[in-house]
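The values are calculated or read from the model by the stated rules, or taken from the named source; none is laboratory data. What you see is a predicted model, and the numbers here were worked out from it, not measured in a lab. All Cβ positions, glycine included, derive from the backbone under ideal geometry; neighbour counts span all protein chains shown. Accessible surface is based on the protein model in full, side chains and every heavy atom, while ligands, DNA and RNA are left aside. Shrake-Rupley method; radii C 1.70, N 1.55, O 1.52, S 1.80 Å.
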Amino acid sequence: MAMTVKFGLARGLLAGWLALVVAGCASRVENAPLNRPTSAAFAAETHSVNGDDALKSTIVGLAFSGGGTRASAFSFGVLRGLARADTSGGGNYLEQVRFVSGVSGGSITAAYFGLRGPNILSDFEARFLYRDAEEGLRTTVYSPENLARALDSGVNDRSNFPKWLSKNLFGNATFGDLNRPGRPTVWINASDIYSKTPFIFEPVTFGAICSDLASYPVAEAVAASAAVPIVFAPTVVESYAERCNFQMPEHLTRAGSGREASPTAKAYLDALKKYRDPQSGKFIKLLDGGLTDNWGLQGVNVALASSPEPWKPLSREDAIALTEFLFVVVDAGRLQEGDWTRTLEGPSGSELLNAVTDTAVDSAVRSSFEVFRLQMQMWQERLRSWRCGLPSGDVEAVRGSLEGWDCRAVSIRVRKVSFEDLGREAAQKLGRIPTRLKLAPEQVKAAIDAGEQAIRKMLAEDGRS
């Protein structure tokens with residue numbers, strides 16, 4: 001989970017209650033919805049699949065976990081490691097990345113990679129990783145105004161982190177910029193705290209609320225994905241469900257119905273139905289994506305569940321040319337703090353708060369990972385069946401000939417890289433890097449180097465480098 005209340009705000013709330021009563025009223029939180037309505041009809045099957053024109057036999061997907069700047073740096077190191085590892089077909093693995101899903105701190109790297117592609121390697125360190133992204137945040141624990149804001153909805157709002165991201169990293173970039181053809185498909189994951197489900201910034205979600213995803217600021221989505229409760233006020237998205245005739249994708253409806261329904265698809269479908277129902281409320285309140293999915297897997301799960309064609313989220317041509325789809329989950333999770341299991345006393349209040357939060361988050365990601373692996377196995381079989389039913393002319397049109405064609409020769413592999421891959425001593429050191437938006441330069445470098453080492457170790461173990 002991103003920035004697990006490390007700024008000390010939660011620790012001081014109870015102690016500051018009296019000061020709050022004396023202080024009086026809270027400042028108004030700046031979180032009015034920025035999403036625009038649209039009356040355009042939505043059809044899931046018309047949503048284009050991103051990717052360049054060159055068909056690839058190997059395609060890579062990535063999911064970046066939460067964990068503040070530590071997670072951003074670790075995932076950046078993974079990208080750097082992929083760029084330095086050559087594939088058997090020529091080029092490097094970074095050039096094969098077509099899909100990136102990010103949550104919380106990992107969403108910062110995911111979104112910037114979506115906008116910049118391999119060029120992220122040239123400026124992301126200077127523009128974000130070695131910067132102080134907390135410089136505009138309210139972090140004083142005992143400030144009466146901060147205590148009032150915390151009890152109102154959250155200490156920091158749009159005037160803080162989203163504004164900093166816009167000024168220093170994303171500029172005025174929108175999802176229209178992020179989803180241009182030729183760029184990797186990016187999913188940014190937040191949490192709908194009323195529906196208790198992931199909120200994914202993607203076309204089906206915005207279609208259900210009759211809103212224009214293309215005009216939505218990338219910085220706002222990333223800030224929502226990283227919005228730790230209390231430290232940040234919720235990002236608010238408005239539903240304009242009455243303004244368009246949204247039709248729920250039939251495949252998603254089937255995937256979310258019945259006894260054997262995917263839990264992911266069912267929860268997502270239920271949330272979309274609520275967004276369509278005027279009686280369920282008009283305003284969607286979003287906080288840290290790590291509350292519901294700290295590995296950022298739900299965006300990919302939903303894309304698989306909501307796609308009517310067996311080849312999506314790939315393009316039809318890619319699905320024919322493909323021999324291997326490698327999906328890497330990048331986990332920058334931290335270690336448990338304190339040594340209270342060695343003594344009768346403890347944990348302290350702050351340790352208990354973090355332990356309870358981490359227990360819930362870690363349990364959720366383990367379950368999510370198992371569901372994800374099952375989904376990918378099922379997708380592999382759907383792809384094989386579809387490919388084996390293709391007319392030979394369709395295959396020739398993509399590949400140029402039938403030479404070497406084996407309809408079942410497509411493999412989907414899911415791997416995970418984490419601090420633990422580098423040994424116990426290294427994992428303990430890296431896991432103690434704070435979950436913040438400001439780190440010491442040596443901590444940033446350690447996390448970057450760890451990401452590069454972990455992915456290169458994984459590729460070597462798999463015989464890929």
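Points worth noting:
- Qualifying residue in the stretch 432-445 (condition: farther than 29 Å from G68 by Cα, without any contact (Cβ under 8 Å) to a residue 12 or more places away in the chain and open to solvent by 40 Å² or more (accessible area, probe 1.4 Å)): no
- A residue that is surrounded by fewer than 20 Cβ atoms within 10 Å (Cβ to Cβ) and in a helix (DSSP H, G or I) cannot be found anywhere in the stretch 401-412.
- Complete set of residues in the stretch 97-123 that are more than 13 Å from L82 (Cβ to Cβ), touching a residue at least 60 places away in the same chain (Cβ under 8 Å) and in a helix (DSSP H, G or I): G105, G106, S107, I108, A110, A111, G114, L115
- Of S280, S315, all but one fail to be open to solvent by 10 Å² or more (accessible area, probe 1.4 Å), of a type in the set (G, A, S) and more than 19 Å from P184 (Cβ to Cβ); the exception is S280.
- Residues that are of a type in the set (G, A, S) and surrounded by 24 or more Cβ atoms within 10 Å (Cβ to Cβ) were ranked within the stretch 165-207; the one that is nearest to A221 (Cα to Cα) is A190.
- Each residue in the stretch 124-135 was checked for being open to solvent by 40 Å² or more (accessible area, probe 1.4 Å) and either within 16 Å of F161 (Cβ to Cβ) or modelled with pLDDT under 95 (or both), and 4 of them qualify.
- Evaluating V398 against the criteria (1) modelled with pLDDT of 95 or more; (2) within 22 Å of P313 (Cβ to Cβ) leaves one unmet condition, (1).
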